[in-house]
1. Checking the structure you have, find out if any residue of region 39-59 is in a loop (DSSP other than H, G, I, E, B), in contact (Cβ under 8 Å) with a residue 12 or more places away in the chain and within 16 Å of the ligand (Cβ to nearest atom).
2. Among 289, 284, 276, which is the only one that is buried (at least 19 other Cβ atoms within 10 Å of the Cβ) and free of Cβ contacts under 8 Å to residues at least 60 places away in the same chain?
3. Do any helices (runs of 4 or more DSSP H) lying entirely in region 110-219 carry at least 2 residues that are over 16 Å from the mean Cα position of the chain (by Cα) and crowded, with 20+ Cβ neighbours inside 10 Å, and which ones are they?
4. Got a sec? Which of 192, 199, 175, 207 is more than 15 Å from the ligand (Cβ to nearest atom) and hydroxyl-bearing (Ser, Thr, Tyr)?
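Just so it is clear, none of the values below were taken in a lab; they were calculated from the coordinates. Here the structure is a predicted model, which means the values were calculated and not measured. Positions of Cβ are generated from backbone atoms using ideal geometry, with glycine treated the same way; all protein chains shown enter the neighbour counts.
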Amino acid sequence: MYPLRRNRRLRANEAIRNLVRENAVTPNDFLVPLFVVEGKGIKQEITAMPNYFRHSLDTLVKEVKLLWDLGLKAVLLFVKVEASLKDNHGSEALNPNGLMQRAIKTIKNSCPDMLVMTDVALDPYSIYGHDGVVEKGQIVNDQTVEILAKMSLSHATAGANFVAPSDMMDGRILSIREALEENGFVDTGIMSYSAKYASSFYGPFRSALDSAPCEKDNILKDKKTYQMDCANRIEAMRETEMDIAEGADIVMVKPGLAYLDIIRDIKNEFDVPIAAYQVSGEYAMIKAASEKGWLEHDRIMLETTMAFKRAGASLIASYFAKDIAKLIG
Ligand code: PBG
């Protein structure tokens, strides 16, 4: 008891603070999300994501090499699909020569040790902007799962190290795992978006990929029939438990900062690595406030990423990864 214990002794100077610090953020912790588009020489800044870009395959190669040199050794790929290639079943997602498949090969050819993770979901390919097939205004589960398994197989065939299903259909991890096993991709990992919430933080991402759920034909405008209700906590455990049982190697909580309690709950209960996704809206908020001079960009960036580590995440998918690696490298 006081004065025998004075907690400030361990905060008295930088040396002692460094010695007793419980968590650290390093470039090893990060997954770098990358947006890929068709074309040549393209590096387009994304609205509401200042200093973040869509890349065509040629500029992507340069970016990936730069990331590697900064010590960032894992990327998470998303593609912006041409409107003319979209349909209700995401058929283009299975094209062995589609943009995603070419992006995987391009990265593996130019930077073979870069860990490549790929987004698996129908929304960028869907005319309705939904993560599944739409029938009679509903998102159909099992038919979607079959497509997701084929899509995962296609990514593995192209050379992906991990597939990352972000769709929240029931049973998709098992189907994907079985498809991979049956086809000999026993070393291809699955990072499951296990606790993914129906969040308003995804806005800038959806405009980056032109993938917002649409308002036509009386189709659901939101993703609440498959993504989780932000009021729920116990449900996240059920989702995570099932995904682990079905064969997920890594589980993810998304969004990040508003869901740190979920990361900690999962950390306390399960023994698989947890990924946190600091999503586009979180990035946008920090950028906007610091552009106004209301927040100190770099400090906020480091503080929020440290929060993910403290909460229990091993991996952090973040649009700040490159800035952080440059800062702490
Ligand atoms: C879609 C997907 C989304 C994000 C990642 N994968 C958007 C959504 O679910 O509508 C959001 C990422 C971000 O906001 O940074 N499957």
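1. Yes.
2. 276
3. Details: elements: 141-158, 172-182, 203-209.
Because the criterion is at least 2 residues that are over 16 Å from the mean Cα position of the chain (by Cα) and crowded, with 20+ Cβ neighbours inside 10 Å, the helices (runs of 4 or more DSSP H) in region 110-219 that meet it are 141-158, 172-182.
4. On the way: 192 fails: more than 15 Å from the ligand (Cβ to nearest atom); 199 fails: more than 15 Å from the ligand (Cβ to nearest atom); 207 fails: more than 15 Å from the ligand (Cβ to nearest atom).
Among 192, 199, 175, 207, only 175 is more than 15 Å from the ligand (Cβ to nearest atom) and hydroxyl-bearing (Ser, Thr, Tyr).
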